[in-house]
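Asks: Could you have a look at this structure, given as structure tokens, before my questions?
The values are calculated or read from the model by the stated rules, or taken from the named source; none is laboratory data. Keep in mind that this is a model prediction, so the values were computed, not measured. Glycine gets a Cβ as well: all are built from the backbone with ideal geometry, and neighbour counts include every protein chain shown.
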Amino acid sequence: MAARESEKTMNMLITLIRTNLRMLMRQRTLIITSLGLAVLSILIFGALFGSNQSTTTTIGVVDEDHSAISQQITSQLQKSAALSITMGNFNDEQQALLNGHRDAIIVMPAGFGSQVIKGLAHMQVYYDQSNPISAAATRLTVQAIVDSVNRAAAGKPGPVTLDEQGVAAHDLRPIDILTPGILGMLMMWANLSVGSDLVRWRDFGITRRLAATPLKPLTMISGQVTARLLLSVVQGIILMALAAWIFNVHIYGNLGLLLLVVTLGALTMLALGFAIASFIRRPEAAQSITLLISFPMMFLGGSYFDVGNSPSFIQPLIHVLPLYYLNDALRQIINNGAGWAAVQTSVLILLAWIVASLIVVWRGFKWL
């Protein structure tokens, strides 16, 4: 008897998944706002930023000495029109170099200024080996700056010695960095709208009629979730295939880990959509709330550009958005070939969003 009941429930679930998939495929607005917007973004930004050409060389400067001499060297680097200089600590700048966001980093250790005076100073320089042309140009520029410092030290020829080290990093183009963000945005648009659909079903009396059948609410939710997950994965595959085919975007990380993060991102947006449906009664209000959440999250979540240099007053908001952590995890895997250790924080935060959203759903959701 129990086996027959279980088989009946499974058949009902499969039927629900098929029905939900057919309903989703008929929603042209959903397809346009999710896959269509993502593909359009890939094509536009790929056409604009798909080449390997760069007009400036980006150098990270780590000044651990903070002396007059180290500040003089930094000032001379900043005056070069061919260089884009960023300041930071060693760990952050080294990670940026490994991620392909820097062509080189220069490290002036503590005591560097006094060592220059004694003629014993060593400046550490780390170059990105993945782009030999850029590395050679950067090496010449840094050497020229150091030579000028050496010439200024009267009576002490060659007080600064360069300790050079090559670092293997991926040669990332703007389109490579954009693609994971657009994939995250796709997960948001494809799944956050589930809240509007449920509110519409409730307003049309569909959930009331379903409540009168033997169908259990959990089975209905499972059908919705499974259908949207399948659609999200298919759309994500199409998007990444187009990015690889047209713009030669590479996935450096593990495909299984990438699929896990994509699935978790989709589930996060689904849970957030269910949370919206738990306290909104009218379809128009649900659509407005969904847009009010999704559009700011699309920009502040880093889908189109790096939000790390945003004003400090907006950083707390950025760092609570689930899309920010989804995009970060996707970029770590796709661009950097990172493993579990690099994405576990983002994964845990996405899980926290799922749990928090489900608590809201459990306390406030009504079928009728």
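Asks: Mind checking which strands (runs of 3 or more DSSP E) fall wholly inside the range 47-138 and carry at least 3 residues that are more than 23 Å from His250 (Cα to Cα), under 24 Å from the mean Cα position of the chain (by Cα) and modelled with pLDDT of 85 or more?
Replies: The qualifying strands (runs of 3 or more DSSP E) are 83-87.
Asks: Given the criterion of a type in the set (S, T, N, Q) and surrounded by 14 or more Cβ atoms within 10 Å (Cβ to Cβ), identify the matching residue among Ser312, Ser288, Ser357. Steps first, please.
Replies: Numbers: Ser312 fails: surrounded by 14 or more Cβ atoms within 10 Å (Cβ to Cβ); Ser288 fails: surrounded by 14 or more Cβ atoms within 10 Å (Cβ to Cβ).
Answer to the selection: Ser357.
Asks: A further question on this structure: I'd like the residue in the range 316-336 that is among the hydrophobic types (A, V, I, L, M, F, W, C) and assigned to a loop (DSSP other than H, G, I, E, B) and, out of all such residues, is farthest from the chain's Cα centre (by Cα).
Replies: The initial filter retains those residues of the range 316-336 that are among the hydrophobic types (A, V, I, L, M, F, W, C), namely 317-318, 320-321, 323, 326, 329-330, 333-334.
Next cut, assigned to a loop (DSSP other than H, G, I, E, B) only: 320-321.
Values: Val320: 14, Leu321: 12 Å.
Only one residue tops the list, namely Val320.
Asks: Look through the range 241-259, keep the residues that are without any contact (Cβ under 8 Å) to a residue 60 or more places away in the chain and not small (Gly, Ala, Ser), and return whichever of them is surrounded by the most Cβ atoms within 10 Å (Cβ to Cβ).
Replies: Within the range 241-259, the match that is surrounded by the most Cβ atoms within 10 Å (Cβ to Cβ) is Leu259.
Asks: Still on this structure: Within the range 337-350, does at least one residue satisfy the condition of being in contact with a Gly (Cβ under 7 Å, 6 or more places away or on another chain), at pLDDT below 90 and not in a helix (DSSP H, G or I)?
Replies: So the first thing to find is which residues in the range 337-350 are in contact with a Gly (Cβ under 7 Å, 6 or more places away or on another chain), and the list is 337-338, 350.
Checking the rest, the ones that are also at pLDDT below 90 come to 337-338.
The next check asks that each one be not in a helix (DSSP H, G or I); those that pass are 337-338.
Yes: the range 337-350 contains one or more residues that are in contact with a Gly (Cβ under 7 Å, 6 or more places away or on another chain), at pLDDT below 90 and not in a helix (DSSP H, G or I).
Asks: OK, next. Does the range 105-126 hold any residues that are polar (S, T, N, Q) and under 18 Å from Asn89 (Cα atoms), and which are they?
Replies: We begin by selecting, within the range 105-126, every residue polar (S, T, N, Q); these are 114-115, 124.
Selection gives Gln124 alone.
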